[in-house]
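Data first, discussion second: the structure below is written as structure tokens.
The values are calculated or read from the model by the stated rules, or taken from the named source; none is laboratory data. Since the model is a prediction, treat every value here as computed from it, not as a measurement. Note that we place each Cβ from the backbone using ideal geometry, even for glycine, and neighbour counts take in every protein chain shown. Note: areas computed on protein heavy atoms with side chains; ligands, DNA, RNA excluded. Shrake-Rupley method; radii C 1.70, N 1.55, O 1.52, S 1.80 Å.
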Amino acid sequence: MKIIILAQEKENHTAPIQWALERAGYQVACWAGLSWTEEQQASLLLGQHPNMVLGRHAVEPGDVVWVRQPGDPGHNPKVAEADRKFAAAEYHRFYDSIAYMLETLPVWCINRFSASRIVKNKAVQLRLARTCGLKIPKTLMSNSPGAVKNFIDHNPGRTICKAFAPHLWQSEDGGVAVNGTFELSREQLPADEVFTLAPGIYQHMVVKQFDVRTVLMGSNVYSYGVHTANNALDWRRDAGIGNIEVEIIATPGDIESGILAFAKKAGICFGSMDFAVDMNGQWWFLEINEQGQFLWLDAFNRESKLQEKFCAFITALEGSTQPLEEREGLFPSFIEYEELRRQLQPKHEPLDIAAAAPGSPHMSLEP
């Protein structure tokens, strides 16, 4: 068995996980995604015994494929201008063939491509969560000025606005801006045309005690209370500058049951969920990222041991119900990786592990 990670080797979760797995004696291969270079080429041979090769790595029965963060398919830049649209479409179709084909092979995909494509949809997430017994805030997704005004007018509480996906703007002078969640009142609404420039998500604001990041690994559910000094509406900015506290907390039984039911319906085995806990102690589901950041929790709380747990999870048999704690001791920690990087990396270069924190300018844009 080998672990194939679909991501750049230096990606902020791939590098430490690969290091930990190899330190424990496992074979790891990285494939950055489909492109025209030799390292990113791929081949599918279909016949009596299907064969798949990703770069220099053959996909074999029993392998584990972690679909972490492959790059978008890229065609050869030398293709004629008139053929670029065709080449780009062919590369995307070929990648889809690869991703869906993996689901038919005797390998374990974390997560399956078909499931990940569905669960990335914010509306689907909220709908599934609600049907699985998890509380969700009243939500409107729209680009209609009238619908937004009506939602705010009939919302008895406060309203927040957020984007469908994180985005980063970088100015010519090196400045960086990242979109985030903000409160929106009737008096602050812009001209109607502004609503049509980009759709948005409008949601009843949960007045919270604190936030929760929950990590799902198979049948294992781990929750962490996230606290900021001013109980920030969006804690990711504070996390990016290290201004948060993370505590290990118990997941209420009904919440854990809802999460596992959600995972079963969605067809996923791994993901990071965000909840808000209100003043009455009720947990409200906000969203899930099926490949969301999780190693930053180890940086803020050394007892979380999520790197060790994830390595135990990814090297177990698919569907295993063995507690990950029974095997986590086989793998080195994220803190050990961090200390090694500090020793080896020149002082004038930023540490790659800083990118593991949500809100960091170096992070993946997925929270």
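Per-atom-type breakdown for region 221-300 gives carbon and sulfur 50% of the accessible area (1.4 Å probe, protein chains only). Among the GluC sites (Glu not before Pro) within region 55-155, those in coil by DSSP and having at most 16 neighbouring Cβ atoms inside 10 Å are E103.
The trypsin sites (Lys or Arg not before Pro) found in region 1-75 that occupy coil by DSSP, while having at most 14 further C-beta atoms within 10 Å, are K10, R56. Projecting the Cα atoms of P199, I255, F275 onto the charge dipole of region 184-313, computed from C-beta unit charges around the Cα centre, puts I255 farthest toward the positive end. Quick check on region 1-74: take the gyration tensor over C-alpha atoms, sort the square-rooted eigenvalues as a ≥ b ≥ c, and tell me if it's rounded (a/c under 1.5), prolate or oblate. Oblate is the answer for region 1-74, as a/c is 1.5 or above yet b/c matches or exceeds a/b. The heavy atoms of H92 offer some 90 square angstrom of accessible surface to a 1.4 angstrom probe.
Farthest towards the positive end of the charge dipole of region 34-136, among the residues W108, F94, G47, is the Cα of W108, using unit charges on the Cβ of Lys, Arg, Asp and Glu.
On region 39-113, 54 percent of the accessible area sits on carbon and sulfur atoms, based on a 1.4 Å probe. Computed over protein heavy atoms with a 1.4 Å probe, the accessible surface of region 26-118 works out to 56 Å² per residue.
Jot down the per residue volume, in cubic angstrom and as a whole number, of the convex hull over the alpha-carbon atoms of region 190-243. Mind showing how you got there, number by number?
Working: hull volume 9.0 nm³, N = 54.
Normalising the Cα hull of region 190-243 by residue number yields 167 Å³.
For region 229-349, the Cα gyration tensor yields ellipsoid semi-axes of 26, 23, 13 Å (square root of five times each eigenvalue, largest first, whole Å).
Summarised as an ellipsoid, region 140-260 has semi-axes of 29, 21, 14 Å, derived from the eigenvalues of the Cα gyration tensor scaled by 5 and square-rooted, with the largest first.
About its Cα centre, the chain has a charge dipole of approximately 760 debye under the convention of +1 per Lys or Arg Cβ and -1 per Asp or Glu Cβ, with nothing else charged. Separation of region 38-110 from region 267-307 is 30 Å, based on Cα centroids.
If the cut-off is a Cα-Cα distance under 26 Å, which lysines reach K2, setting aside same-chain residues fewer than 8 apart in sequence? Within the straight-line cut-off, K2 pairs with K10, K264, K305, K309. Dimensions of region 120-160 based on its C-alpha atoms, expressed as ranges along the principal axes with the largest first, amount to 30, 21, 14 Å.
Solvent-free Debye calculation, one equal scatterer per alpha-carbon of the chain: log10 I(q)/I(0) at 0.09, 0.10, 0.13, 0.14 Å⁻¹ equals -0.56, -0.70, -1.17, -1.33. Kirkwood hydrodynamic radius of region 205-286, from the reciprocal of the average inverse Cα-Cα distance over all distinct pairs: 13.2 Å. How about K208: which lysines have a C-alpha closer than 24 Å to its C-alpha, ignoring those fewer than 8 places off in the same chain? Within the straight-line limit of under 24 Å, K208 reaches these lysines: K122, K135, K138, K162. Just so you know, the Rg over Rh for region 49-203 is 1.08, from Cα atoms, with Rh as the Kirkwood radius.
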